[in-house]
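Notes follow the structure.
The values are calculated or read from the model by the stated rules, or taken from the named source; none is laboratory data. Treat the numbers as computed from the prediction; the structure is a model and nothing was measured. We place every Cβ from the backbone using ideal geometry, glycine too, and count neighbours over all the protein chains shown. Calculation scope for accessible area: heavy atoms of the full protein, side chains included, ligands and nucleic acids excluded. Shrake-Rupley method; radii C 1.70, N 1.55, O 1.52, S 1.80 Å.
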Amino acid sequence: GLQQVPDSATLVAVHDAARPLVTPEEVYNVFRDAKEHGAAVLAVPMKATVKESEDGSFVLRTIERSRLWEIHTPQVIRPDLLKKGFEKVEKEGLEVTDDVSIIEQLPSPVKITVGEYTNIKVTTPEDMPMAVSILKSRE
């Protein structure tokens, strides 16, 4: 893991293997943004309407979609920031859902790098036909 990253490394990328369709351009762009800002994450604007519910039975409110982003990987971060973030999360018992969530806890800015909707997460058999279609469209 992170302990194996050499001291000379200026950035580390955390990538979810369930997102095999990331493009070289997306990777380049997120690294460029992380180099400038210290941390960056691929994301796309939310298309869906999102509702909040306290009890899982009734809608509490609609979340403003223009402020919401679907987060993808890779997430690229300076190793020193990530180490500092892990220390804080462990020390304070904080809950985080991904690596940039750790950086948010510092708090430190995380740059949104606009990605592509084709960088889908392939986690169920139903995802495979879409993944195959995306790959064929790139031929």
Quick count over segment 42-69, residues being more than 14 Å from the chain's Cα centre (by Cα), of a type outside the set (Phe, Trp, Tyr) and over 17 Å from Thr97 (Cβ atoms), is 17
Among residues belonging to segment 94-131 that are in contact with a strand residue (DSSP E or B) (Cβ under 6 Å, 6 or more places away or on another chain) and not in a loop (DSSP other than H, G, I, E, B), point out the one that is nearest to Glu25 (Cα to Cα). Thr113
Report, ordered by the first and then the second residue, all pairs with beta carbons closer than 7 Å, sequence separation of six or more or different chains, a first member in segment 1-27 that is more than 27 Å from Thr123 (Cβ to Cβ) and touching a residue at least 40 places away in the same chain (Cβ under 8 Å), and a second member that is open to solvent by 80 Å² or more (accessible area, probe 1.4 Å) and in a loop (DSSP other than H, G, I, E, B). Thr10/Arg78
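Let's see how each residue does on (1) of a type in the set (Gly, Ala, Ser); (2) modelled with pLDDT of 95 or more; (3) touching a Gly at 6+ places or on another chain (Cβ under 8 Å); (4) outside any helix (DSSP H, G or I):
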residue	(1), (2), (3), (4)
Ser8	yes, no, no, yes
Val22	no, yes, yes, yes
Glu36	no, yes, no, no
Leu42	no, yes, yes, yes
Ser57	yes, yes, no, yes
His72	no, yes, yes, yes
Gln75	no, yes, no, yes
Which pairs have Cβ atoms under 7 Å, sit 6 or more apart or on different chains, and link a residue in segment 123-139 that is over 10 Å from Leu21 (Cβ atoms) to one that is not in a loop (DSSP other than H, G, I, E, B)? none
I'd like the full set of residues that are more than 15 Å from Thr113 (Cβ to Cβ), surrounded by fewer than 17 Cβ atoms within 10 Å (Cβ to Cβ) and of a type in the set (A, V, I, L, M), limited to segment 1-23. Leu2, Val5, Ala9, Ala17, Ala18
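Before we move on, is Leu106 without any contact (Cβ under 8 Å) to a residue 40 or more places away in the chain and surrounded by 14 or more Cβ atoms within 10 Å (Cβ to Cβ)?
Details: without any contact (Cβ under 8 Å) to a residue 40 or more places away in the chain: yes; surrounded by 14 or more Cβ atoms within 10 Å (Cβ to Cβ): yes.
For Leu106, the condition - without any contact (Cβ under 8 Å) to a residue 40 or more places away in the chain and surrounded by 14 or more Cβ atoms within 10 Å (Cβ to Cβ) - is met.
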Scan segment 20-41 residue by residue and report those that are among the acidic types (Asp, Glu) and under 15 Å from the mean Cα position of the chain (by Cα). Glu26, Asp33
Pairs, first free of Cβ contacts under 8 Å to residues at least 60 places away in the same chain in segment 51-63, second open to solvent by 100 Å² or more (accessible area, probe 1.4 Å) and in a strand (DSSP E or B), C-beta under 6 Å, six or more apart: Glu52/Arg61; Val59/Lys51; Thr62/Lys51
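Of everything in segment 77-93, what is without any contact (Cβ under 8 Å) to a residue 60 or more places away in the chain and in contact with a strand residue (DSSP E or B) (Cβ under 9 Å, 6 or more places away or on another chain)? Give them in sequence order.
Filtering segment 77-93 down to residues without any contact (Cβ under 8 Å) to a residue 60 or more places away in the chain leaves 80-81, 84-85, 87-93.
Of everything in segment 77-93, those that are without any contact (Cβ under 8 Å) to a residue 60 or more places away in the chain and in contact with a strand residue (DSSP E or B) (Cβ under 9 Å, 6 or more places away or on another chain) turn out to be Leu81, Gly85.
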